[in-house]
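A short reminder: the numbers here are calculations on the coordinates, not readings from a lab. Source: prediction; values computed, not measured. Cβ: placed from backbone, ideal geometry, glycine included. Neighbour counts: every protein chain shown.
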Amino acid sequence: MAHEHSHDGHDHAEVDEEHWAEYLAEFEKAGEICKKAKEKMLTVAKPGVKLIDLAEGIEAHILELGGKPAFPVNLSANNRAAHYTPAADDATVISEKDLLKIDFGVHLDGCIVDNSVTVDFSGENGKLVEAAKEALANALGMMKAGVNTADVGKVIEETVKKRGFKPIENLCGHSIMPWQLHAGVEVPNVGNHGGVPLEEGMVYAVEPFVSTGEGRVKDDPDFCEIYSLSEPKSVRLPASRKVLDLVIEEYQTLPFARRWLQEVPMLSMALSDLQRQGVLHGYNLLREAPGTLISQAETSVIIEEDGVKVLV
Ligand code: CO
């Protein structure tokens, strides 16, 4: 799932060094589940299928395989780049013209693997899809311990521009830590970006976005279906307390969908109350202008001394 570029610095979260090897084994197992879910997903995603059925189908399959969805399945079509998960009553059906980014993650005890595939149902956007895949492959090909993230961004940018498109400059890949999908380090999609060296043994998601437009996404304030806990504090409204308790118990700091809590009475009021108080962060839809097309390719890796281990 995409991370919106911020200027908050690059602090890595604390590493539990004693248990790190065990965590990495969990990351690898989550990757195996993610691979299976991806194979099945590619057989299900077809024109005529409702977005809500596809999202819920992938999420249910992850559970059947023994994992948990690390965040709601993002199904962002065409000029939408990220953070579109269908609401429970979303009637949208995949069209034969859609360029659909299917971005989902699996976690095992908080060890998260994040990945995305772009499906070109019209068959007319092969070059755009290939540009994102090639940018990802070139990035992975140069990543190893000590390589600077700014240089990874530069390779992505050059690959995409050579193909006549633009990388999306304000969306990035990200370091991943247990229970933290966006753990502080950004893996940029452009070169002019203050970088840090990749650390051996750490997990990163790399996700080039390729655009036919200006290469910069904007928030859509009218669409927000994904939230995550940002700062727990005591809240007075009973509905808000109920939501907060459920989130802490089920998702902790991982993103969740409004539809996952649809049984909670007065849910909308509680979500806006919690967002207003800074307890929850809302992930608005990120998009470019209508008519723009955007592709994305994403995988997660463990950094090794002389390369990467690809998890999915
Ligand atoms: Co991601």
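For the chain, a simple Cβ point-charge model (Lys and Arg +1, Asp and Glu -1, everything else neutral) yields a dipole of about 1040 debye relative to the Cα centre. If you model the stretch 128-202 as an ellipsoid using its alpha carbon gyration tensor, with each semi-axis the square root of five times an eigenvalue, the axes come out at 21, 13, 11 Å, biggest first.
Within 12 Å, Cβ to Cβ, of L229, how many net charges do the neighbouring residues add up to if Lys/Arg are +1 and Asp/Glu are -1?
Overall, the nearby charge balance is -3.
If the segment from A87 to Q277 were pulled out straight at 0.36 nm per residue, it would be longer than the present Cα-Cα gap by 66.1 nm. Which net charge results for the neighbourhood of L261, defined as the other residues with beta-carbon distances under 12 angstrom from its beta-carbon, given Lys and Arg at +1 and Asp and Glu at -1? Net local charge, L261 excluded: -2. Mind checking the stretch 56-110 for GluC sites (Glu not before Pro) that DSSP puts in a loop (not H, G, I, E or B) and that have at most 13 other Cβ atoms within 10 Å? For GluC sites (Glu not before Pro) across the stretch 56-110 that sit outside H, G, I, E and B with at most 13 neighbouring Cβ atoms in 10 Å, the list reads E96.
Which GluC sites (Glu not before Pro) in the stretch 245-290 sit in a loop by DSSP (not H, G, I, E or B) and have at most 15 other Cβ atoms within 10 Å of their own Cβ? If you can, show how the numbers build up before the last one.
Working: sites: E249, E250, E263, E288; in loops: E263, E288.
Those satisfying the criteria are E263.
Contact order, relative form, for the stretch 55-172: 18 percent (alpha carbon pairs under 8 Å, 6 or more residues apart, mean separation divided by residue count).
When all C-alpha to C-alpha distances in the chain are sorted into bins of 10 Å, what percent of pairs does each bin hold, rounded to whole numbers? That works out to 6, 28, 37, 23, 5, 0, in percent per bin. The simple Förster model, with R0 at 25 Å and r as the Cβ-Cβ distance, assigns E305 and A25 a FRET efficiency of 0.85. As a length-normalised measure over Cα pairs under 8 Å and 6 or more apart, the relative contact order of the stretch 221-283 settles at 54 percent.
Its relative contact order, with pairs defined as Cα atoms under 8 Å and 6+ residues apart, puts the chain at 23 percent.
For the stretch 170-312, what does the alpha-carbon gyration tensor say about shape, rounded, prolate or oblate, given a ≥ b ≥ c as the root eigenvalues, a/c under 1.5 as rounded, and a/b over b/c as prolate?
Working: a/c = 2.54, a/b = 1.49, b/c = 1.70.
Here the stretch 170-312 falls in the oblate category.
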